[in-house]
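The structure appears below as structure tokens.
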Amino acid sequence: MKRSDYRSVFPKSHLPRWIVNRELEKVDWMNIILRKLWPFFNEAYSKILLKDWEHRLETFKPAFANSVRVQELTLGSVAPNLEGLRMLELEPKGISMDVDTRWIGNASCVLEVSSIVGVSFPVQVKDIHSKMVFRFIFKPLVDELPGFGAFTLSIRKMKKFDFTLKVVGGDVSSIPGVTEKLNEMIHNAVLESLSWPMRICIQIISTPADSNTTRLNRHMFPRRNAAIFAATGSEGKPPVGILDVKLVQGRDLWDTGKPPDPFALLYIHATPGQIRRSTTIRQNNNPIWNEFFELEFNDLKEEKIVIVLFDNAAPQEFQVLGYCQFYLQGLDDRRVTERWLKVFKDARCLGNLDETKYRGQVNIELLHRYYDEQELQGFQQVASSSLDLGNWHRRRSTCLSDRFSRKGNLWELIRGILTITVARAENLLPADFQGRSHPYVALHMMKQKRLKKKTSVKQSTLNPIWHETFDFHVQDARQDMLIAEVWNDEIIGRDYLGSTATTLTRVLQEYAFEEKFRLVGVPSGRLYLRLSWENSIGTSVISDKPSLLSPSEHFPSSHGLLQLFPMDVSPN
């Protein structure tokens, strides 16, 4: 029968993947081999997983757990079913393929969970049902049987991953909150540890034919040796550059009934020494951090930055507020990339962007820069030496040239004059019983809080028009921010009508821009601003593009992990 004949007879849900997708090859013969080899593969691979996954689960342990250990692990007697295979051209000196799999097996894993109150109980993970696309890379190729020295396994796409939790001798659901937290721990450990480009490596030949054990180890064990991992990253490649990250602010962050005390963990590789922590902002759903971090990257085409938000004041210590991520392939080559990222309940929602799990937004700015050849050679020499992680980082920092300062060349000192035109506002909150307000705008720079400038007060309106202009002499434009607050003027006191904040990065790149800013902290309100910049010698900076705006133009209405890493996370 031809592919078309199968499609005409059977419904799509019952067809093998190699029939639905023409790019996939038929793999019946591989399933026959896999079923015969599975008992031997299970015995060998279970031992590797037992050692490897213990530290992974410990990394992602929930707040109530003091430790999580793997007591027993077996992949069972039922082999996964391969549904299709796609050959790839990723490695010039290796063999790469994506394999569609479905597994309804009898695997079992027994975890020993020790709580912070001293109570320990065993939990069994069983009835695993998964549907995933795995990526296999066989590398390096050698002149000994079986022809390759190692292979790596990674999850390219997770379509389904379900399992059952059971307390040995009882029911895990009888312990409040444990089921959800353990489910979250296992899912996050699998996603963060195995999602491409993260991978598990299996060594086949103890010593490769070319005797280059260092090269094999870098490919094979990117996570088992902290110093080697820090040098080679998640893909077995040395880091090629640094990502400068500015964590600017959050908006409408989720809470449990009262404003959270949010802080963030940022990482590209979730390993010791590669995670940065922000400061904690007290009782604020709209925190402003404006903090700078550096993260190493290995491959812009494959990697992503992950931001995990925590509440430092939650009843359960360090409760997760949400996750967000940004794939580095979206970076601009010569400009700062500014993004508002949606925050979701957990890592499983990131791929599906489930709006029902939406928990606010985070504003970041990114710029990448590459190491030069001399720096890369210095890193390789340090990585090949026998050093603990602390000494490795100290030795490695000596390899950096002067252009790599602690805060990076993205944040060099720029002085100048920022000109702000407050054009108008719309849909402000009514502040009196007659449904009216008497609004004015107060402006200040984050680093000059005492120097405030105010517009005039507009009487009895929710849509005021000002067109008033103000100048600020800015001493450090890269690190400063503009804060605009809208207030209702009263005979006695004043009422808050919302605020907005923005960095100066965009105005430094574009000379001038106009934007409609949403007011935060209130249900409604928009503020129209125009920003322009001149540096201290009277010429604009950064961009060679002529400004498309003039001061006389009117404004258009267009839309312009602390408990995870308690000992290894520190502010940058």
Answer yes or no: is there a residue in region 559-571 that is assigned to a strand (DSSP E or B) and either modelled with pLDDT of 50 or more or more than 29 Å from residue 253 (Cβ to Cβ) (or both). no
Of the residues in region 429-477, those that are closer than 30 Å to residue 508 by Cβ, part of a loop (DSSP other than H, G, I, E, B) and of a type in the set (A, V, I, L, M, F, W, C) come to 446, 477
Any residue that is at pLDDT 85 or above and either out of contact with any Leu (no Cβ under 8 Å at 6 or more places or on another chain) or assigned to a loop (DSSP other than H, G, I, E, B) (or both) - is there at least one of those in region 218-229?
no
Considering region 478-515, residues that are of a type in the set (Phe, Trp, Tyr) and in a strand (DSSP E or B), and then whichever is most open to solvent (accessible area, probe 1.4 Å), we arrive at 496
In region 46-69, is there at least one residue being open to solvent by 50 Å² or more (accessible area, probe 1.4 Å) and on the phi > 0 side of the Ramachandran plot? no
When every residue in region 160-171 that is open to solvent by less than 60 Å² (accessible area, probe 1.4 Å) and within 10 Å of residue 122 (Cβ to Cβ) is compared, the one modelled with the highest pLDDT is 167
### Message
at pLDDT below 85, within 32 Å of the chain's Cα centre (by Cα) and open to solvent by 50 Å² or more (accessible area, probe 1.4 Å): is that true of residue 23 in this structure?
### Response
yes
Counting only residues that are touching a Lys or Arg at 6+ places or on another chain (Cβ under 8 Å) and part of a loop (DSSP other than H, G, I, E, B), region 130-149 contains a total of 3
Worksheet item: Would it be correct to say that residue 114 is more than 29 Å from residue 33 (Cα to Cα) and either among the hydrophobic types (A, V, I, L, M, F, W, C) or in a strand (DSSP E or B) (or both)?
Response: yes
Within region 266-294, restricting to residues that are among the aliphatic types (A, V, I, L, M), modelled with pLDDT of 90 or more and in a strand (DSSP E or B), the one that is surrounded by the most Cβ atoms within 10 Å (Cβ to Cβ) is 266
Scanning region 74-84 for residues that are on the phi > 0 side of the Ramachandran plot and open to solvent by 20 Å² or more (accessible area, probe 1.4 Å) gives none
Here the qualifying pairs (Cβ atoms under 7 Å; residues six or more apart or on different chains; first in region 314-343 and modelled with pLDDT under 80; second open to solvent by 30 Å² or more (accessible area, probe 1.4 Å) and part of a loop (DSSP other than H, G, I, E, B)) come out as 314/256; 316/63; 317/63; 317/563; 318/63; 318/312; 318/563
Out of (1) open to solvent by less than 30 Å² (accessible area, probe 1.4 Å); (2) modelled with pLDDT under 95; (3) under 31 Å from the mean Cα position of the chain (by Cα), the one residue 362 does not meet is (2)
The correct count of residues that are open to solvent by less than 40 Å² (accessible area, probe 1.4 Å), farther than 15 Å from residue 182 by Cβ and of a type in the set (A, V, I, L, M) in region 108-133 is 2
Residue 464 meets each of (1) under 18 Å from residue 422 (Cα atoms); (2) open to solvent by less than 10 Å² (accessible area, probe 1.4 Å); (3) within 39 Å of the chain's Cα centre (by Cα) with one exception, condition (3)
Picked from region 134-149 (must be charged (D, E, K, R) and open to solvent by 50 Å² or more (accessible area, probe 1.4 Å)), the residue nearest to the chain's Cα centre (by Cα) is 139
Among the residues that make up region 85-107, is at least one of them hydroxyl-bearing (Ser, Thr, Tyr), modelled with pLDDT of 85 or more and surrounded by fewer than 16 Cβ atoms within 10 Å (Cβ to Cβ)?
no
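The values are calculated or read from the model by the stated rules, or taken from the named source; none is laboratory data. Keep in mind it's a predicted model, so treat the numbers as computed, not measured. Positions of Cβ are generated from backbone atoms using ideal geometry, with glycine treated the same way; all protein chains shown enter the neighbour counts. In case anyone asks, the SASA skips ligands and DNA or RNA and just uses the protein heavy atoms, side chains included. Shrake-Rupley method; radii C 1.70, N 1.55, O 1.52, S 1.80 Å.
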